[in-house]
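Structure record follows, encoded as structure tokens.
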Amino acid sequence: MSYQITVQPSGRSFTAEASETLLDAALRQGLTLPYGCKDGACGACKGKVVSGTVDHGKAQEHALKDEEKAAGLTLYCCASAQSDLVIDCKQLGSASDIPVKTLPSRIEKLEKLAPDVIEIHLRLPANERLQFWAGQYIDILLKDGKKRSYSLANAPHDDAVLQLHIRHVPGGLFTEQVFSTQKVRDILRFNGPHGTFYLREDSKKPMILLAGGTGFAPIKAIVEHAIAEQCERPMFIYWGAKARVDLYQNALPEKWAAEHANISYVPVLSEPAASDDWAGRTGFVHQAVLADFPDLSGYQVYACGAPVMIDAAKRDFMAQGMPEEEFFADAFTFSTT
């Protein structure tokens, strides 16, 4: 059985099954409610049930006292609906609303997606979760205070493990470890989330999502978040790479485009190999966008990749009518020291 949940003061609503927590249901449908541990221990998701009844679930006594229950409070990470509900909860509005944490994590999976790209899955301790906006990044903390920044490739609702796409940088202090000595169950510490590259959900404009290489990671997170919240804005995904092998998850955006009428996908190769047998678009990926959209004045752009791509895209898109304030970017830079 499912129930209708209305959130005050925003007026947003979502449906929740009797078998799932209110927080899981909200995140599954793209609503950004505050939370911490997701385990009933920290109290960060505590809020008031204005009307209706809930099962408080596994809420721990120190985080939700009996007198708080009697006053109508509950922990949204534990509570499940037993009727239609009205709840009081401040939805998060910007990156500054989310606390930055320093956490340990354990490598759960290392998967080579391409000869020079590995996907790392990081699992947090059982009583911890990282809340973030789709498109943000974390800093992996290395010895001697050094750090390396990587975008989260998973959407916020899918936070059981954190996904990173790591490209091998020859001589790179961290990537050399990832491609040689790093193994499953190793511990990595990180700090985050960081960054202002995330989906602006208050806009109704169609979106152009431009990725270069592993810049696909935050674009993936943004698209999966938009799908989860049933966003109907048109999304035009352009993924540029050197050769076919560098489109390391090509089947995924193809699947999005096949299953969702508002999503289209254009892969672009700059130097396809003869063995690629490539019949698709070639050249610089941002130029493919320029060719397809002579007037960019009504669009919002999310671009992620090498600084040279970002700079060229911003300059040329603005020349074709894109308002500067509608260009959101994350430039990937690489360091070997």
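Structural remarks
- Extreme residue, farthest from residue 309 (Cα to Cα), among residues of the range 247-279 that are acidic (Asp, Glu) and over 21 Å from the mean Cα position of the chain (by Cα): 277
- Residues in the range 294-316 that are of a type in the set (Asp, Glu) and surrounded by fewer than 15 Cβ atoms within 10 Å (Cβ to Cβ): 295, 311.
- Here residue 78 meets the list (1) outside the structural domain of residue 165 (by TED's automatic domain parsing); (2) on the phi > 0 side of the Ramachandran plot almost entirely, failing just condition (2).
- Which numbered condition residue 334 fails, given (1) modelled with pLDDT of 95 or more; (2) in a loop (DSSP other than H, G, I, E, B); (3) not small (Gly, Ala, Ser): (1)
- Here residue 74 clears all of (1) assigned to a loop (DSSP other than H, G, I, E, B); (2) within 28 Å of the chain's Cα centre (by Cα) except the condition numbered (1).
- Residue-level analysis places residue 314 outside the set of residues that are within 23 Å of residue 164 (Cβ to Cβ) and in a helix (DSSP H, G or I).
- Count of the range 39-68 residues, restricted to those that are buried (at least 16 other Cβ atoms within 10 Å of the Cβ) and over 25 Å from residue 159 (Cα atoms), is 3.
- Search result, residues across the range 224-233 that are surrounded by fewer than 17 Cβ atoms within 10 Å (Cβ to Cβ) and in contact with a strand residue (DSSP E or B) (Cβ under 7 Å, 6 or more places away or on another chain): 233
- Of the residues making up the range 173-210, those that are part of a strand (DSSP E or B) and of a type in the set (A, V, I, L, M) are 187, 188, 207, 208, 209, 210.
- Residues satisfying the stated conditions in the range 286-305, i.e. under 19 Å from residue 246 (Cα atoms) and in contact with a helix residue (DSSP H, G or I) (Cβ under 7 Å, 6 or more places away or on another chain): 286, 303, 304, 305
Residues checked against (1) on the phi > 0 side of the Ramachandran plot; (2) touching a helix residue (DSSP H, G or I) at 6+ places or on another chain (Cβ under 8 Å); (3) in a loop (DSSP other than H, G, I, E, B); (4) surrounded by 14 or more Cβ atoms within 10 Å (Cβ to Cβ):
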residue: 87; (1), (2), (3), (4): no, yes, no, yes
residue: 103; (1), (2), (3), (4): no, no, no, yes
residue: 118; (1), (2), (3), (4): no, yes, no, yes
residue: 125; (1), (2), (3), (4): no, no, yes, no
residue: 128; (1), (2), (3), (4): no, no, yes, yes
residue: 134; (1), (2), (3), (4): no, yes, yes, yes
residue: 138; (1), (2), (3), (4): no, no, no, yes
residue: 149; (1), (2), (3), (4): no, no, no, yes
residue: 156; (1), (2), (3), (4): no, yes, yes, yes
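- For residue 180, the conditions (1) surrounded by 21 or more Cβ atoms within 10 Å (Cβ to Cβ); (2) of a type outside the set (Val, Ile, Thr); (3) farther than 27 Å from residue 32 by Cα all hold with the exception of (1).
- Residues satisfying the stated conditions in the range 238-293, i.e. under 22 Å from residue 313 (Cα atoms), among the hydroxyl-bearing types (Ser, Thr, Tyr) and surrounded by fewer than 19 Cβ atoms within 10 Å (Cβ to Cβ): 264, 270, 282
The values are calculated or read from the model by the stated rules, or taken from the named source; none is laboratory data. Since this is a predicted model, take the numbers as computed values, not measurements. Neighbour counts run over all protein chains shown; Cβ positions are idealised from the backbone, glycine included.
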